Amino acid sequence: MPNLEGKVAIVTGAGRGIGREHALALARAGASVVVNDLGASLAGEGTDTAPANEVVAEIEAHGGAAVADGENVADFDGAERMVRRAIDTYGRLDILVNNAGITRDRMLVNMSEDEWDAVIAVHLKGHFAPTRHAAAYWRECSKDGEDVRARVINTSSPSGVFGNVGQANYGAAKAGIAAFTIIAAQELARYGVTVNCLAPNARTRMTEAAFGEIPKPEDGFDLMDPANLSPIVVALCADEAQAITGQCFFVYGGAVNLLRPWDAGELFARDERWDANDFLSQLLARFPDGSAPEGMVAGMGKAGGRSLQVS
Ligand SMILES: NC(=O)c1ccc[n+]([C@@H]2O[C@H](COP(=O)([O-])OP(=O)(O)OC[C@H]3O[C@@H](n4cnc5c(N)ncnc54)[C@H](O)[C@@H]3O)[C@@H](O)[C@H]2O)c1
């Protein structure tokens, strides 16, 4: 595994699920870890210091270095305090894994303003705020002549890239995170920072709330083990991965797709403004059966299926 000895990482929402695995894996690779977790319910309510403290204890029990942090990632000043905690405790910051998340699923016609606002805040602002403060720190390091090789790993979702029914708030935030990744990658390259994102699939309280219990296989490879995501994070954190940026990795078990973002797609071209009637005729001629999203399950099937055939 890449050696991350001497590096300092923040993992948000690291008290449970996927974030916990990232924190353990980064510590195993040698990084000191700030284990951030608000200790919120799946809907984002309440606080509890226990999950973050338990992960810190687990890392320390294996000889690693970690410190707990209970800031809310959607609080701009709280995110700055979290970044400061890494620098004050360990003297530097190299890696930011934005992972904290909540869900409040509801069909669009019934969704409340609170359900929309809370989910957008934790995911979208909860990615922006830590990245903003970490990036300001890295810009200073770069201006001071340091050879910065910093990493931001964001967390999108199949729901955001393929579109899942019942998750207009969550999917919109996750699609936003994929776009944020592409823009941040371009802006921060000049300071030596790469920015990538994952679209994970794993058995956690989040997926069990959405899809019911997901049984573990009795033997063989567990495709839904949340630990399957962490090697991708550790690999992207290696110094050698300095030129890999702005990418979104869909991960399902051992299948990893480097997703293509919105691309140019079907072209309707003429050298003058389209007449609405002409455009409509063209649309109907080229898409006699219509054109509509296939949805998340179909998208996931295609992605994982392709990769599995290759391997
Ligand atoms: N499990 C999956 O298959 C899956 C799929 C797609 C995306 N994701 C994303 O992966 C990430 C991790 O999800 P998970 O499945 O491990 O869920 P989880 O509920 O097990 O863990 C999320 C953690 O984030 C913490 N958290 C919530 N709000 C916070 C806040 N404002 N500040 C700090 N911490 C906060 C929670 O306390 C919790 O410990 C999320 O961004 C989620 O949307 C998961």
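The values are calculated or read from the model by the stated rules, or taken from the named source; none is laboratory data. Just so it is clear, the structure is predicted and the values come from calculations on it, not from any experiment. All Cβ positions, even for glycine, are placed from backbone atoms using ideal geometry, and neighbour counts span all protein chains on display. Quick note on the areas: whole protein, heavy atoms, side chains included, nothing else; ligands and nucleic acids left out. Shrake-Rupley method; radii C 1.70, N 1.55, O 1.52, S 1.80 Å.
Ordering of 274-283, 159-168, 55-64, 212-221 by packing is 159-168, 55-64, 274-283, 212-221, highest average first (other Cβ atoms within 10 Å, averaged per residue).
Sorting 123-132, 143-152 by their mean Cβ neighbour count within 10 Å, with the most densely packed peptide first, gives 123-132, 143-152. Shape verdict for region 152-311, please, from the Cα gyration tensor: rounded (a/c under 1.5), prolate (a/b greater than b/c) or oblate. Here region 152-311 falls in the oblate category. Taking one quarter of the surface of the C-alpha convex hull of the chain gives a mean projected area of 19.7 nm². Protein heavy-atom surface of region 206-311, 1.4 angstrom probe: 56% of the accessible area is carbon and sulfur, with nucleic acids and ligands not counted.
How tilted is helix 168-188 with respect to the longest principal axis of the chain? Cα atoms for both, answer in degrees (0 to 90, nearest 10). It is inclined by approximately 70 degrees. Measuring nothing but protein heavy atoms, the accessible surface of region 11-90 at 1.4 Å probe radius is 45 percent carbon and sulfur. Among DSSP beta bridges lying fully in the chain, give the percent that are antiparallel, nearest 5. Bridges in the chain that DSSP calls antiparallel: roughly 15 percent.
Could you let me know the centre-to-centre spacing of region 202-235 and region 124-175, using Cα atoms, in angstrom? Measuring centre to centre over Cα atoms gives 22 Å. Positive end of the charge dipole of region 17-110 (Lys, Arg +1 and Asp, Glu -1 on Cβ, about the Cα centre): tell me which of ALA61, TYR90, LEU26 has its Cα farthest that way. Projecting each Cα onto the dipole axis, the largest value belongs to LEU26. The packing ranking, built from the mean of other Cβ atoms within 10 Å per residue, places the peptides 100-113, 34-47 in the order 34-47, 100-113, highest first. Taking amide hydrogens as placed 1.01 Å from N in the peptide plane, the amide H of ALA150 sits under 5 Å from those of VAL193, THR194, each at least 5 positions away in sequence or on another chain. In this label model, ALA227 and ASP278 are separated by 6.2 nm, measuring between points 7 Å along each Cα→Cβ vector. Placing unit charges on the Cβ atoms only, positive for Lys and Arg and negative for Asp and Glu, gives the chain a dipole magnitude near 440 debye about its Cα centre.
Think of a 1.4 Å ball rolled over the protein heavy atoms: the chain then has 50 Å² of accessible area per residue. Note on ALA298 and ARG84: the model spin-label points, each 7 Å out from Cα along the C-beta direction, lie 5.0 nm apart.
Its convex hull of Cα atoms gives region 28-137 a direction-averaged projected area, equal to a quarter of the hull surface, of 7.4 nm². Looking at region 242-307, which trypsin sites (Lys or Arg not before Pro) are DSSP coil and have at most 15 other C-beta atoms within 10 Å of their C-beta? Listed in order of number, the matching sites are ARG270, ARG273.
Modelled label positions at ASP75 and ASP219, each set 7 Å beyond Cα in the direction of Cβ, lie 5.0 nm from each other.
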